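Every read-out reported here was derived from the displayed coordinates using simple, explicitly stated rules and does not represent laboratory data. As the structure is a computational prediction, the values presented were derived from the model and not from experiment. FYI the Cβ positions are ideal-geometry reconstructions off the backbone, even for glycines, and counts take in every protein chain you see.
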Amino acid sequence: MFMKTINLPPYAPTLMESTRAIGYSVEAAIADIIDNSLTAQATKIDIDFFPIGDEYIAIIDNGYGMTSDQITTAMQYGSKNPNEVRDLNDLGRYGLGLKTASLSQCRKLSVISVCQGQISGRQWDLDFIQEVGEWSLLVLDYEDIVKLPCIEKLKPLEKGTLVIWQNLDKLSIGEIDFAASLGKKMDIVRDHLSLVFHRYLTGEPGLKKVELRINERPVIAADPFLTNKSTQIMDAEIINLRGDQVIVKPYILPHISKISEAEIKALGGKEGLRRQQGFYVYRNKRLLVWGTWFRLMRQGDLSKLARVQVDIPNSLDDLWTLDIKKSTAIPPEEVRRNLSNIIKKITDGSKRTWTFRGKKEMDDSRTHLWNRIKARDCGIFYEINRDHLMVDEIFRKYPEIKSQLKNLLCQIEGTIPLNQLYIDLTNDEKINNDIHIDETMIMETIKSILDDFESTDTKTAMLDNLKITDPFCEYLDIIDQAIENGELI
């Protein structure tokens with residue numbers, strides 16, 4: 001016996017207006033549309049925008065297109081069950097992205113597609129929906145279609161799809177100069193797409209290379225791992241989960257001294273390298289979430305160079321609690337356990353890379369100008385090495401001012417601006433404090449030290465000491481060549 005039921009469909013105007021508040025940014029919304037283009041095997045995608053008069057944003061692709069019936073299905077809310085088994089290359093999930101992403105930014109959404117020699121179009125117009133109070137999808141005839149912006153780009157294609165946003169009310173709220181505002185927002189869109197789809201833009205193995213343009217200007221891939229310069233400190237970790245694989249690949253970025261200003265900007269943006277450390281989760285090689293350790297550890301300055309690529313298949317969407325916007329993904333417990341096991345190795349590698357200069361300076365095989373002292377009562381402090389050859393040479397040559405020189409060294413040691421140094425070292429700007437010593441300068445300094453010694457044996461012994469003393473140990477080739485030419489001994 002069946003219970004009595006009431007068919008209670010949602011009221012179209014209310015639901016459609018409500019879903020506009022899901023929280024899409026314009027860059028996330030456009031990325032959602034591009035997901036559909038990539039699922040349709042598109043290799044060329046153009047994003048055109050026009051901010052004056054009848055403003056619009058249009059996304060055109062050369063994917064396999066849709067028939068008239070397929071467009072109708074695509075425009076239906078909840079057109080696919082999120083629990084359905086999807087094609088391995090499908091970047092969709094809930095069957096809502098096209099509609100919710102688009103209408104979060106505009107009041108009129110048109111989708112035109114060329115397929116099997118036919119051009120078809122459908123349109124959601126929220127003002128019309130408010131007027132009729134029903135789920136009334138507009139069927140566009142050819143006369144309607146040819147009046148739409150950017151249609152001339154679609155018509156020559158044998159197959160492809162054009163998505164048009166008009167009446168950009170959400171983007172224009174509170175803007176005095178909408179044209180300038182939209183231009184700035186599209187710059188943000190460019191940066192977002194260059195990161196989110198960087199693996200498609202470079203055409204890595206297993207992916208067709210995709211050409212993406214905004215107002216005819218190419219979008220260039222932004223590799224968050226700086227793959228050509230970074231170190232992969234351990235083999236990829238494969239986590240088997242429900243018959244599928246999650247692949248974890250850790251990278252350690254080069255020390256900041258070996259990265260160009262442009263690379264630093266691309267890697268960290270305005271927020272800096274520190275904010276972008278952590279896991280980078282990809283679903284079918286499309287970046288979902290980045291710059292987080294999923295609370296498995298805290299962000300820190302010494303782990304700022306650690307970035308971990310995590311690849312998940314779309315078959316595990318439910319385990320990762322993927323949201324509609326595809327902007328959050330939380331790893332399941334089994335994955336979290338495995339990630340925890342490799343975090344220490346990853347962050348230790350980042351720490352070693354970040355502090356490699358300090359390690360080098362404290363290397364016992366060399367004589368350094370600075371000594372690092374660890375004391376019980378006052379922690380760690382730094383002092384100038386009184387046994388350094390150059391310091392010792394000054395003391396020996398000018399014994400009458402030895403006391404004053406020692407006082408000067410103490411003043412230098414006691415006034416090191418440590419707090420400011422820490423700030424400078426952690427704000428991702430290079431400190432260009434290394435003094436370059438050219439060949440002439442290093443030779444003059446060495447000769448001045450050797451001039452006080454007469455015997456060859458003494459000079460040879462002194463040169464051996466110089467070779468393990470800063471800064472001379474950095475110029476061994478020059479010293480050896482000078483010895484071979486008889487310039488020093």
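Using only the alpha-carbon atoms of region 12-218 as identical scatterers, what base-10 log of I(q)/I(0) does the Debye formula give at q = 0.18, 0.19 Å⁻¹?
Log10 I(q)/I(0), no solvent term: -1.44, -1.62.
How much length would be gained if the chain were fully extended between TYR11 and ASP127, taking 0.36 nm per residue of separation minus their Cα-Cα distance, in nm to one decimal?
Difference between extended and current length: 40.3 nm.
Fewest first, what order do THR321, THR19 take by the number of other Cβ atoms within 10 Å?
Placing the least packed residue first, the sequence is THR321, THR19.
Determine, for TYR251, TYR282, the number of other Cβ atoms within 10 Å of each Cβ, and report the residues in order from fewest to most.
Listed from fewest to most nearby Cβ atoms, that is TYR282, TYR251.
Can you tell me which of 6-16, 474-484 comes out highest on packing, and rank the rest after it, using the mean Cβ neighbours within 10 Å?
Sorting 6-16, 474-484 by mean packing, highest first, produces 474-484, 6-16.
How would ARG217, ARG336 line up from fewest to most surrounding beta-carbon atoms within 10 angstrom?
Fewest to most other Cβ atoms nearby, the residues stand as ARG217, ARG336.
Measure off 7 Å from each Cα along the Cα-to-Cβ vector at ILE176 and LYS4, then give the distance between these two points in nanometres to one decimal.
6.2 nm
For a 27 Å ceiling on Cα separation, which of these pairs sit above it: LYS99/LYS155; LYS170/LYS285; LYS153/LYS184; LYS209/LYS258; LYS185/LYS285; LYS108/LYS153?
Over 27 Å apart, Cα to Cα: LYS170/LYS285; LYS209/LYS258.
In vacuo Debye scattering of region 1-46, one point per C-alpha: log10 I(q)/I(0) at q = 0.21 Å⁻¹?
Values, matching the q order: -0.83.
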